[in-house]
Every structure is written in C-alpha cells, then in structure tokens.
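This report refers to the structure that appears directly beneath it.
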Amino acid sequence: MEQEEAAPEDAGSQLMLRIERPVYDEALIRKQLLHRKDNSITFRQRLADKLRCSSERAKAVVFSFLPILTWLPSYPVKKYLLSDVISGLSTGVVQLPQGLAYALLAAVPPVYGLYSSFYPVLLYTFFGTSRHVSMGTFAVISLMIGGVAVREAPELTESFQLAANASNSSNSSVVSDAEDFTAKRVQVAAVLTTLVGIIQIVFGLLRFGFVSIYLTEPLVRGFTTAAALHVVISQLKYLLGVKTERFSGPLSAIYSVKAVLSQITSTNITCLLLGLACLVFLYGVKVLNERFKKKLPVPIPGEIVVVIVSTGVSFGLALKEKYNVDIVGSIPTGLRPPAVPDFSLISSLIPDAFAVAIVGFSMNISLAKIFALKHGYSVDGNQELIALGLCNFIGSFFQTFAITSSMSRSLVQESTGGKTQIAGLLSSLVVLLVVVAIGYVFESLPQTALAAIIMVNLIGMFKQFRDLPILWRTTKIELIIWLVSFIASVLLGLDYGLLAALAFAIITVIYRTQSPRSSILGHVSSTGLYYDVNQYEEASEYEGIKIFHSNSSIYFANSDLYVTKLKEKTGVNPEQLLEVRKAQKKQRKKAEQDLNAPLNICAKSKDKTMTHEVSPPSQEVQEQRNGEVEDKRSESPSEEAVFLEPLSPVHTIILDWSAASFIDSVGAKAVKQVIKVYAAVDIQVLIAGCNRNLLDELDTLQFFTDDVNLGMVFPTVHDAVLHCRRAGSSPPAAPDEA
C-alpha cells in the first residue's frame with residue numbers, strides 16, 4: 001500500500017509532503033514494483049531505421065550541413081539589412097589591419113593574412129551556426145602556426161638578411177633565395193592548415209564536438225594569457241626596429257627576450273617613437289570605445305586610422321629609405337589561383353595540427369555559445385567543427401593559414417548591430433576590395449604600426465590575470481590549473497604547453513576521484529533526510545548503525561582508498577576485530593581446558609584406593625551475536641566475563657551510493673570482499689541509493705550471489721535504516737519517523 005499526497009498549502013504555510021509506502025529492498029522492487037519493457041527491436045531493425053532514407057531526413061541533413069538555409073529564406077530585409085551592412089563594414093575595417101598584422105605572427109607575408117580574412121569568412125557564412133562570431137585570423141592560432149613555420153623553415157642568417165636588404169635587381173640569386181625561403185614557410189602554413197581542416201571535419205562527422213569540454217575554462221584562459229605574452233614578446237623586435245632571430249619550441253620566450261635585450265643598443269629610434277605613438281593612440285581609442293559604447297553608433301575604427309596615417313607618414317617621409325624603418329613591402333594585387341599544398345611535409349606536422357585544431361575549435365565554440373545564449377538561439381558544436389574544418393581545408397588550397405573566431409572583431413560585429421552572418425559576408429567583401437584593387441596602397445605600412453595594433457588587441461587577454469584572486473577565493477584546484485597552463489605554455493611553448501596543461505587537468509580529475517570527500521551521515525529528526533554529522537548539529541546517528549557516504553564512483557583507481565576510508569570513518573576495522581575474535585577463542589579454549597581437567601582426589605585406606613572425578617559445571621546453550629556471547633544461565637563464572645563484551649558497538653554499516661555513477665570489476669570485487677569480511681565479525685553491510693544504471697552494471701559483473709543478495713540493496717538510505725530498526729538490530733535510540 002502506497003499513498004502519496006501534497007497537503008493543501010495555506011496562505012503563508014509551507015507545502016507539506018506525506019508518503020506512506022512499504023520499505024523496499026531491491027528484491028521486492030524487482031518482484032512487485034518495476035518490470036522491464038520488452039525490447040523486441042533487433043539490432044538489424046535499428047540499423048535499418050538509421051539507414052532509412054526519406055525526404056524529411058534528407059531535408060534535415062541538408063539543413064544541418066548548410067545552416068544558412070534555415071534562416072536566409074525568412075531573412076527580414078527591412079529589419080536586419082541596414083544593421084548587418086553597418087556591422088559588416090565596421091568589422092571589415094577592423095579585419096583588414098588585423099589580417100596584415102597577424103600574418104607577421106604566422107611568419108608569412110602580409111598578403112596571406114588578407115587571403116585568410118576573405119576565403120574562410122566567406123565559407124563560414126554558409127556552413128556556420130553562429131550568427132555573431134567574426135571568423136578570420138586570430139593572434140593565438142597565428143602564433144602557433146608561426147612557431148611551426150619557423151621550426152620547419154628556420155630564420156635566415158643575419159648575413160643573408162643584410163645581403164637581401166642590400167640587394168638590387170642585379171643580385172638576383174639572393175632575391176631568389178629569399179623568395180624560396182618565403183615560399184617554404186607559406187607551404188608549411190598551408191599544409192598545416194590542410195591537416196587542421198581534415199582533423200576538424202573528421203571530428204565533426206564523428207560527433208566529437210564534446211572534445212572541447214576537456215579544455216576547461218581555467219586551462220584555456222591560462223593558455224591564451226600565455227599566448228598573449230608570447231605574441232607581445234614576438235612583437236618587441238618590430239616595435240624597437242631591431243633584427244633578431246625568431247625562436248620556437250621550449251624556452252623560446254626566454255631566448256627571444258634575451259635576443260631583444262642583447263640588441264637593445266641598436267634600437268631604431270624612429271621605429272620606437274612611431275610605434276609608441278600608435279600604441280598610445282590605439283589604447284586611448286580603445287578606452288573611449290569602452291566608456292562610450294552605448295552612445296557611439298559604431299566604435300571608433302582606431303586600427304584603420306593608424307594604418308592609413310602611418311602608411312601616409314611612411315610614404316611621405318620615406319621612412320624606409322631615410323630611417324631604415326621596416327615596412328610591409330609588396331602586396332600583390334588580385335587573388336592567387338588555387339594550388340595543391342606540398343603534402344610531403346605532413347609527417348612532421350601532425351602533432352601541431354591536432355593542437356591547432358583543438359585550440360581553434362575551443363576558442364570558436366566558447367565564443368559562439370556566449371553570443372547564442374545572449375541572443376536566444378543555439379549553436380551545434382559538431383556542425384561548428386565541420387564548418388571550421390571546411391574553412392581551413394578549402395582555404396588552404398588558396399594559401400590561407402588556419403583561422404578561428406576573434407573575440408575583438410566578434411564584439412565589434414555584435415555591438416554595431418550585426419544580426420546574422422550577412423555582416424560577416426560583407427566584412428569579407430571589404431577585404432576582397434583591398435586585395436583586388438587597392439592593396440598596393442598599404443605597401444609602405446610600417447611593421448611597427450602593425451606591432452602596436454597586435455599589442456593593443458591583446459589587452460583583453462592580459463585582463464585574464466584578474467581570474468587569479470577570484471579562483472583563490474573559490475577553488476584552489478582551478479587556480480593551480482590556470483597557473484600550470486600559463487607557466488607551462490610560457491616556458492615550453494604553446495604546443496607542448498597545451499599538452500602539459502591538458503595532462504595536468506586530467507591528473508586533477510583523477511586526483512579528485514581518487515581522493516573523494518567521505519563522511520558519516522546522521523538522521524535529521526522527522527525528515528527522512530541524512531547529512532554529515534560533522535557539519536550539522538541536527539544530524540544524529542542511530543546507535544549501532546553507521547551510514548558511510550563518498551562522493552565518487554568506485555573503480556580501479558580508488559577502490560582501495562574507498563575501503564580504507566570506510567574503515568577509518570566508521571571506526572570499525574574488521575581485520576582487527578578478527579584478531580580480537582581469535583584471541584577470545586584462544587582464551588576461552590584455555591579456560592575450558594582448565595575447567596574440564598578432572599580433579600582426582602585419592603583416598604588411601606588400608607582396604608582400597610578411591611578415585612573421585614569432579615565434573616565441570618553443565619554448559620548451557622549459548623548464543624553469539626556480533627561478537628557478543630549471551631549466556632542463558634543466570635550466573636556465569638568470572639573467568640568467562642571477557643566473552644560477554646561485544647567486539648564492536650556497530651552492527652550495521654550502510655553504504656550510501658547515491659553519488660556513485662559507475663563501478664568496474666575491481667571496485668565490485670573490493671566491495672564484495674569487504675562485505676564478506678564484515679560479515680565474519682557479525683556486522684551486516686547494506687547498500688542504499690544505488691541508481692538503476694549502476695544496478696545493471698552490478699548485474700553484469702555478477703555482483704549478486706549467495707553472500708551478497710538483492711535483499712541487501714535499498715532504494716534510499718531511509719529504507720535501509722527502517723529495515724534495520726524493524727529487524728530489531730537497533731535499540732530505539734532516536735524517535736521514530738514516518
């Protein structure tokens with residue numbers, strides 16, 4: 001009989017819950033309460049259903065692969081078009097200088113940054129699910145690609161650079177070697193981008209969009225902060241106008257700083273002054289845009305102003321010829337024809353491709369989810385992987401390098417009123433206009449101005465240092481993950497640093513599961529609720545019952561620790577009790593031998609010798625429960641008083657498995673063994689709060705046998721406690737409850 005009702009709620013009163021039902025154990029549940037549904041569908045039928053083709057399914061596949069078809073036919077032109085046009089033009093104005101600047105980070109000529117700001121952005125319009133992210137070049141990804149390009153095509157020697165700078169048309173061999181060197185780096189970037197695209201497409205098709213969850217937010221923020229530091233260090237030589245080698249791999253940041261400091265006396269004052277002026281101006285514009293973002297219709301385009309003004313100053317004052325200021329140089333007009341990358345380089349680039357693919361997707365999906373949540377739509381992580389992969393794979397045949405979404409440009413696109421990826425499409429057309437028509441105008445652009453643009457755009461990443469005091473107050477483990485990610489990425493480089501940070505994050509997960517928090521639960525009177533007795537005054541234990549709770553699953557990595565904590569928290573060590581039992585048996589055996597020894601009393605007379613045998617007192621039937629010997633006689637010899645003491649005041653241990661999500665064979669064997677050991681000292685072990693999936697795993701592992709049966713498993717801790725008390729295992733130490 002089970003009754004359940006919610007009592008009427010009077011004004012100001014608390015809603016009450018009253019339940020009357022039997023105390024269930026798992027055997028009773030399977031017999032009376034729950035019956036499994038018949039699963040008559042065969043594997044062949046399920047497979048046929050998956051492969052079944054219909055017009056609706058084909059339409060769903062097409063719409064999933066081309067998300068633009070879900071919103072473009074119903075695009076509200078009057079409502080959205082003007083906002084998207086303004087947003088697209090504003091984003092394109094920002095994308096142009098960033099494309100030129102981030103090409104320097106990727107160690108390729110600036111024009112390839114423009115290519116990377118056009119093709120991928122155009123493709124994402126059709127395949128992406130986010131309406132607000134701005135795709136294209138990104139500082140972290142560009143720097144990772146630059147590190148690989150420098151490793152595969154090392155920096156030219158200083159003498160060769162001087163010869164190349166001093167060469168003219170008559171010195172064609174030096175110029176040819178320099179062009180070959182640049183082409184090699186472009187090929188490395190293109191092949192790496194091809195691999196990145198393939199990896200992302202395969203992950204998307206295999207529905208591996210969940211991989212981003214392994215890159216936790218503290219890890220990503222520590223990593224991107226370290227990447228920002230790498231970027232700033234790499235731009236110091238352009239800001240100061242000095243010639244240094246570009247380093248990659250472990251300790252590259254330290255070597256780069258050392259190289260710049262060694263050349264500090266050769267600083268080009270003109271470069272430094274121009275770069276500092278650009279820095280101050282850009283920072284001031286950034287502050288104004290932030291402070292008055294609600295009043296400004298569009299953000300002030302500080303980057304394009306710097307590009308135009310610094311290009312004009314450089315051209316008008318002939319800074320290259322008179323003051324030896326490095327400039328962007330030749331920007332070919334028009335688009336390059338598609339070309340197949342040199343796949344002979346693939347073998348050495350696979351590990352780097354995985355790192356770039358995962359970091360690029362992680363940055364993209366995290367930013368896409370932020371805007372989707374803000375504007376009330378959803379993004380598909382698997383389709384985002386496919387879209388990003390197609391952007392990189394197809395773009396690599398047009399000499400682009402790997403891309404992802406940019407936080408700074410996405411904020412511009414969203415804050416200027418962008419509604420859909422039509423804004424992204426228009427921003428790519430702005431870049432296209434420059435590439436096919438007026439790219440040559442920016443050939444005199446000083447590299448120190450591009451360095452200033454890069455540095456100012458990284459201010460937001462350095463603000464992530466503010467995470468540290470917050471993490472210190474909230475969670476120390478995530479603080480350590482942040483610091484390890486940052487330090488490892490700074491010292492080991494971005495590729496090895498990411499792997500080290502990811503390995504450390506996984507170790508922290510293992511540590512948490514291996515070192516779960518465990519406690520002894522007590523009952524809160526008249527509630528049926530059980531909480532930690534060490535934390536709450538209202539929680540009290542029943543006499544003779546220990547309720548052990550651990551907030552972790554039980555598997556090979558923590559099964560030994562689980563058993564150890566169980567013995568420690570309950571204060572009942574069965575091995576020690578067995579030793580006491582053996583000592584008691586030995587002592588009792590010795591006492592019985594002393595009592596059973598016949599007392600021969602010899603009486604000698606002159607007629608005969610008489611022998612009297614005194615028998616020991618008659619032994620009564622004795623009962624032993626939980627190590628306690630209960631003698632049915634009213635009187636017992638004082639020698640046997642020791643056997644009247646119980647081995648332990650605890651007669652029942654309840655394992656609360658409400659927090660356990662899985663168990664493996666090692667964990668099941670450990671628990672089964674501990675149940676048997678406790679049973680040997682008359683302590684019963686019950687299991688409570690076990691979910692149905694976990695019970696299925698226990699069935700599969702053949703956990704339930706004669707020693708451990710279904711009657712020892714209860715759906716709740718309260719069922720287990722009431723079962724113990726009803727069986728008379730516990731004295732009425734606490735008030736009864738409904």
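The values are calculated or read from the model by the stated rules, or taken from the named source; none is laboratory data. Predicted, not measured: the structure shown is a model, and the values here were computed from it. We place every Cβ from the backbone using ideal geometry, glycine too, and count neighbours over all the protein chains shown. For the accessible areas, the whole protein counts, side chains as well, though only heavy atoms, and no ligand, DNA or RNA atoms are used. Shrake-Rupley method; radii C 1.70, N 1.55, O 1.52, S 1.80 Å.
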When you go through Ala60, Ala103, Ala107 one by one, which is the residue that is surrounded by 10 or more Cβ atoms within 10 Å (Cβ to Cβ), under 33 Å from the mean Cα position of the chain (by Cα) and not in a helix (DSSP H, G or I)? Ala107
Unique match (being surrounded by fewer than 20 Cβ atoms within 10 Å (Cβ to Cβ), assigned to a helix (DSSP H, G or I) and over 21 Å from the mean Cα position of the chain (by Cα)) among Leu483, Leu491: Leu491
Just for the stretch 160-205: of the residues that are at pLDDT below 85 and aliphatic (A, V, I, L, M), which one is most open to solvent (accessible area, probe 1.4 Å)? Leu162
Out of Asp664, Asp656, report the one residue that is in contact with a strand residue (DSSP E or B) (Cβ under 7 Å, 6 or more places away or on another chain), closer than 22 Å to Asn551 by Cβ and modelled with pLDDT of 90 or more. Asp656
Looking at Ala318, Ala353, Ala357, which is the one that is modelled with pLDDT of 85 or more, more than 23 Å from the chain's Cα centre (by Cα) and aliphatic (A, V, I, L, M)? Ala318
Subset of the stretch 676-689 (residues that are under 40 Å from the mean Cα position of the chain (by Cα) and open to solvent by 10 Å² or more (accessible area, probe 1.4 Å)): Lys676, Val677, Gly689
For the stretch 69-85, indicate whether the set of residues that are part of a helix (DSSP H, G or I), among the β-branched types (Val, Ile, Thr) and over 30 Å from Ile300 (Cβ atoms) is non-empty. yes
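Residue-by-condition table, conditions (1) out of contact with any helix residue (DSSP H, G or I) (no Cβ under 8 Å at 6 or more places or on another chain); (2) under 30 Å from Ile145 (Cβ atoms):
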position	(1), (2)
Leu499	no, yes
Thr513	yes, no
Tyr530	no, no
Ile545	no, no
When you scan the stretch 440-454, how many residues do you find that are in contact with a helix residue (DSSP H, G or I) (Cβ under 6 Å, 6 or more places away or on another chain) and part of a helix (DSSP H, G or I)? 10
Subset of the stretch 501-532 [more than 17 Å from Ile687 (Cα to Cα) and either polar (S, T, N, Q) or in contact with an Asp or Glu (Cβ under 6 Å, 6 or more places away or on another chain) (or both)]: Thr508, Thr513, Gln514, Ser515, Val524, Ser525, Ser526, Thr527
Scope the stretch 257-284; condition under 18 Å from Gln447 (Cα atoms), open to solvent by 20 Å² or more (accessible area, probe 1.4 Å) and among the small types (Gly, Ala, Ser); matching residues: Ser266, Ala277
If Arg151 meets every condition in (1) modelled with pLDDT under 90; (2) in a loop (DSSP other than H, G, I, E, B); (3) charged (D, E, K, R) apart from one, which number is that one? (2)
Hits in the stretch 29-52 - residues which are without any contact (Cβ under 8 Å) to a residue 24 or more places away in the chain and hydrophobic (A, V, I, L, M, F, W, C): Leu33, Leu34, Ile41, Phe43, Leu47, Ala48, Leu51
For the stretch 58-84, how many residues meet the condition of being in contact (Cβ under 8 Å) with a residue 12 or more places away in the chain and within 19 Å of Asn382 (Cβ to Cβ)? 6
Of Arg473, Arg466, the only residue that is without any contact (Cβ under 8 Å) to a residue 12 or more places away in the chain and over 30 Å from Tyr536 (Cα atoms) is Arg466
Quick one: in the stretch 18-32, which of the residues that are open to solvent by 90 Å² or more (accessible area, probe 1.4 Å) and part of a helix (DSSP H, G or I) is farthest from Val713 (Cα to Cα)? Gln32
Exception for Lys322 within (1) open to solvent by less than 90 Å² (accessible area, probe 1.4 Å); (2) farther than 27 Å from Ser130 by Cα; (3) not small (Gly, Ala, Ser) falls at (1)
Of all strands (runs of 3 or more DSSP E) fully inside the stretch 495-606, the set with 1 or more residues that are surrounded by 12 or more Cβ atoms within 10 Å (Cβ to Cβ) is 518-524, 529-532, 545-550
Exception for Glu478 within (1) open to solvent by 40 Å² or more (accessible area, probe 1.4 Å); (2) touching a helix residue (DSSP H, G or I) at 6+ places or on another chain (Cβ under 7 Å); (3) at positive phi falls at (3)
Residues of the stretch 244-263 being outside any helix (DSSP H, G or I) and modelled with pLDDT of 90 or more, in sequence order, are none
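Residue-wise test of (1) modelled with pLDDT under 85; (2) under 19 Å from Val721 (Cα atoms); (3) among the basic types (Lys, Arg).
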| site | (1), (2), (3) |
| --- | --- |
| Gln3 | yes, no, no |
| Asp10 | yes, no, no |
| Gln14 | yes, no, no |
| Val23 | no, yes, no |
| Leu28 | no, yes, no |
| Gln32 | no, no, no |
| Asp38 | yes, no, no |
| Gln45 | yes, no, no |
Do we find a residue being open to solvent by 70 Å² or more (accessible area, probe 1.4 Å), closer than 23 Å to Val108 by Cα and free of Cβ contacts under 8 Å to residues at least 12 places away in the same chain anywhere in the stretch 333-340? yes
Filter result (under 30 Å from Lys79 (Cα atoms) and outside any helix (DSSP H, G or I)) within the stretch 383-439: Thr404, Ser405, Ser406, Thr416, Gly417, Gly418, Lys419, Thr420, Gln421
Restricting to the stretch 664-675, count the residues that are open to solvent by less than 40 Å² (accessible area, probe 1.4 Å) and either of a type in the set (S, T, N, Q) or within 17 Å of Lys567 (Cβ to Cβ) (or both). 6
